[in-house]
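Worksheet: the structure to be examined is printed underneath.
The values are calculated or read from the model by the stated rules, or taken from the named source; none is laboratory data. Keep in mind that what you see is a predicted model, and the values were worked out from it rather than measured. Cβ coordinates were reconstructed from backbone atoms using ideal geometry, including for glycine residues, and neighbour counts include every protein chain displayed.
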């Protein structure tokens, strides 16, 4: 296999044993990590995989390889990081077309020259690639104002399992003709094809940014206040609720014994508008019993933005389980309260995206953690969430824990359709076998 891969991409595009560690996930070491320098090389690698029956794990920088069930086998990780150029940029149209391996950080740097940016703030901001963001439909707090990756993508080029490259969507915002095939690949976790090129819509960088933080006596009051802000005419960029966590604390500060529920609201726009938003938001907070309302501007905003953005990231220094709950936003407070009450050691930390109905729960695990008991607790929580028409996904977890739980949960009535689509686009199960919903 290595000789054939070397003939296709050259020795320099196959990682050494030491470099492969960056793409090792769930305890599995790939037989090879290949980084093509062209789409043609990618197509040739896929065709070789078809002939030899090799599994292909698509990847960008590898930040999200840990999401998913344990794989059936790990043969070749095919990374896109050498496909990292800006193909076409039209500042006047607020659109850009890029290769999938470009890092978000590098793209934002290029766009900032024209006072524009891609309004997505997923975790792993300094490393993640555009292809990885789109393949996982990653987003962050800015989804309240701008939506997720699904809302930012105008067009895609995708290499299917047999090496065929297909195109969907276009390069203009008002592109409504035909089937919206983009949605097949966005959030498909590379199970239907490998994204090679993405066309995105952009936004102007806000002239001024500021945040408000406030503590509350209980979770319900904080959540109700957040909903009041979201439902007002203030138009925040985001409103997040933190439980058992203080995003304003620096790494050098000692943690306190108890963190009160904290609401963080972010604003962006021209200075006059932001000043009005801050005043109106502060009034709503104080009317609802907020304690210690604080305005954050300048350097403190940047630190707080980074902390909020990286909340759900696996820092690789401490083993954690990260669960993502998708709920009606009116159910966030009750579920967060239940988790606090059930977690008597108070080590679970939470961040709720109030306007989007998303609740992240991070649980540190130790070498003596009873994974079976923790899995049972999370499955019980999943049943509660499902009874409220929501779902619970495990985004980060040690491989030992994944042996006790399906990280995705049930998709009920849509599974048969998903299997049919997978069988049509990847009939031999080449791409990410066993890792997606119901081990597709």
* Hey, any hits in the range 170-178 for a residue that's buried (at least 22 other Cβ atoms within 10 Å of the Cβ) and at negative phi? -> no
* To do: Determine if the range 413-426 includes at least one residue that is more than 21 Å from the chain's Cα centre (by Cα), assigned to a loop (DSSP other than H, G, I, E, B), surrounded by fewer than 17 Cβ atoms within 10 Å (Cβ to Cβ) and modelled with pLDDT under 95.
  => no
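Each row is one residue, and each column tells you yes or no for (1) surrounded by 14 or more Cβ atoms within 10 Å (Cβ to Cβ); (2) without any contact (Cβ under 8 Å) to a residue 24 or more places away in the chain; (3) part of a loop (DSSP other than H, G, I, E, B); (4) out of contact with any strand residue (DSSP E or B) (no Cβ under 7 Å at 6 or more places or on another chain).
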position	(1), (2), (3), (4)
311	yes, no, yes, no
322	yes, no, no, no
337	yes, no, no, yes
341	no, yes, no, yes
395	yes, no, no, no
* Structure fact -> When (1) touching a helix residue (DSSP H, G or I) at 6+ places or on another chain (Cβ under 6 Å); (2) at pLDDT 95 or above; (3) crowded, with 16+ Cβ neighbours inside 10 Å are applied to residue 208, the one that fails is (3)
* Go through 156, 192 for me and flag whichever is buried (at least 20 other Cβ atoms within 10 Å of the Cβ), in a loop (DSSP other than H, G, I, E, B), modelled with pLDDT of 95 or more and within 19 Å of the chain's Cα centre (by Cα). => 192
* Taking only the range 99-127 into account, find how many residues are under 26 Å from residue 191 (Cα atoms), out of contact with any strand residue (DSSP E or B) (no Cβ under 7 Å at 6 or more places or on another chain) and touching a residue at least 60 places away in the same chain (Cβ under 8 Å). => 5
* Asked: If we scan the range 366-380, do we find a residue that is touching a strand residue (DSSP E or B) at 6+ places or on another chain (Cβ under 9 Å), within 14 Å of residue 323 (Cα to Cα), in a loop (DSSP other than H, G, I, E, B) and without any contact (Cβ under 8 Å) to a residue 60 or more places away in the chain?
  -> no
* Structure fact -> Of the residues in the range 319-348, those that are over 19 Å from residue 68 (Cα atoms), within 22 Å of the chain's Cα centre (by Cα) and at pLDDT below 95 come to 348
* Filtering the range 128-139 down to residues that are touching a helix residue (DSSP H, G or I) at 6+ places or on another chain (Cβ under 7 Å), touching a residue at least 40 places away in the same chain (Cβ under 8 Å) and assigned to a loop (DSSP other than H, G, I, E, B), which residue is farthest from residue 188 (Cα to Cα)? -> 128
